[in-house]
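**Q** Pasting a structure here, questions to come.
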Amino acid sequence: MTVGQTPELPTDELWIATVDGTARPRKLTTGSAPRWTSDSAWIYFLSDRLDNGTSQLQRIRPVGGDVEALTA
């Protein structure tokens, strides 16, 4: 690694796709360990977007929009 360069960190991406394939898959956000709520209103996942190296619980609606941080 060269001094002053930011190291490449692996990222996981959350994508959503229709079951019947009528629409192209689309990227929702970056994160890992996604879990749907029982009513399908939210997807909860882990991400270190707020503090690099420290995973926090986040959520996003399947239709997209802003990610909400739930832990700090």
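Each reported figure results from applying straightforward, stated rules to the coordinates on display, with no laboratory input. Predicted model only: the values in this text are computed from it and were never measured. All Cβ positions, even for glycine, are placed from backbone atoms using ideal geometry, and neighbour counts span all protein chains on display.
**Q** What percent does the relative contact order of the chain come to when contacts are Cα pairs within less than 8 Å and at least six residues apart?
**A** Contact order relative to length: 18 percent.
**Q** Right, here's the next one. Over all directions, the average projected area of the alpha-carbon convex hull for region 13-69 comes to how many nm²?
**A** Hull-based average projected area comes out at 4.1 nm².
**Q** Taking +1 at the Cβ of each Lys and Arg and -1 at the Cβ of each Asp and Glu, which of GLY65, PRO34, THR22 sits farthest along the dipole of the chain towards its positive end, judged by Cα position relative to the Cα centre?
**A** THR22
**Q** Something else about it: Please give the contour-minus-distance gain from LEU46 to LYS27: 0.36 nm per residue of separation, less the Cα-Cα distance, rounded to one decimal in nm.
**A** Full extension of this stretch gives 5.3 nm more.
**Q** Could I ask something else about it? If we count every other residue with Cβ under 14 angstrom of LEU28's Cβ, Lys/Arg +1 and Asp/Glu -1, where does the sum land?
**A** +3
**Q** Ok, one more. Cβ neighbours within 10 Å, averaged per peptide: list 27-33, 38-44 in order, most packed at the top.
**A** Taking the mean over residues of other Cβ atoms within 10 Å, the ranking is 27-33, 38-44.
**Q** Relative to the Cα centre, what is the charge dipole magnitude of region 13-69, using +1 at the beta carbon of each Lys and Arg, -1 at the beta carbon of each Asp and Glu, and rounding to the nearest 20 debye?
**A** Charge dipole, region 13-69, about its Cα centre: 160 debye, nearest 20.
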